[in-house]
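For reference, the structure discussed in these notes is given below.
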Amino acid sequence: MSLFRALFLAFAQLGDPRLRGPLVKSLVLTIVSFAAIWIAMGWVVTHTRIFETLWLDWTIDALGGLALAVLSFVLFPAVVVAFVGLFLDEVADAVQARHYPNAPPPRKRPLMVEIFSSLQLVALAIVLNLLVLPLYFVPGLNLAIFLATNGFLLAREYVTMLAARRLDSHEARRFWKSRRGQAWLVGISFAALSAIPVVNLAVPVLAVAATAHLVESWLPASGE
């Protein structure tokens with residue numbers, strides 16, 4: 001199945017009531033999280049004096065605010081993905097019920113495993129984006145870095161978690177490695193959509209639904 005076909009099927013199912021709950025939950029959690037980050041970092045920036053010279057301190061505050069804005073933007077896809085991962089099964093179940101009713105029943109992962117996986121993703125996203133943060137200020141290169149970094153994170157999380165619904169953890173890791181190149185390109189397309197205002201609000205559910213179709217088409221003996 002092509003990415004365009006998978007995205008078309010995902011868009012066509014957006015009216016499914018079973019997809020609205022996960023989207024609303026992930027957005028609420030994301031907004032609350034970023035609000036907390038902005039408030040905390042804003043307090044640190046405005047209440048920390050590094051230099052005695054006032055204009056130097058203002059400059060540091062301004063640069064700190066700019067770095068926070070950039071980091072918030074580049075981390076948005078990963079944070080949303082981490083939260084929607086908690087509700088990934090709801091989206092995948094809706095896709096399977098509508099398009100793959102004859103597929104084997106999914107494996108259920110314990111909630112704590114899903115929470116731990118989500119926290120791992122956020123930690124990995126923060127580390128990777130902090131490492132490449134200076135490159136985000138280089139015109140032209142910043143977009144490529146954003147797409148490549150977050151595309152990899154999105155692909156790895158969605159493909160691994162959705163494959164784990166049908167495979168054990170060892171097989172799911174092998175499956176990810178065997179499809180890593182294709183999945184990375186898919187993740188880059190999701191990262192690009194996540195950079196578009198308003199559209200990015202629906203990207204978490206669209207990405208899970210589209211990836212569910214792709215994983216079904218990549219797994220043996222799957223069919224719509």
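Observations on the model:
- Residue-wise HN-Hα couplings along segment 91-104, as the Karplus relation 6.51 cos²θ - 1.76 cosθ + 1.60 with θ = phi - 60° gives them from phi, are 5, 5, 5, 5, 5, 5, 4, 7, 10, 10, x, 8, 5, x Hz; Gly and Pro carry x.
- Sites ALA97 and ALA35 - FRET efficiency at Förster radius 35 Å, r taken between beta-carbons, to 0.05: 0.50
Coordinate-derived values only; no laboratory data. Quick caveat, the model's predicted, so the values are computed rather than measured. Don't worry about glycine lacking a Cβ; one is built from the backbone with ideal geometry, like all the others, and counts go over all protein chains shown.
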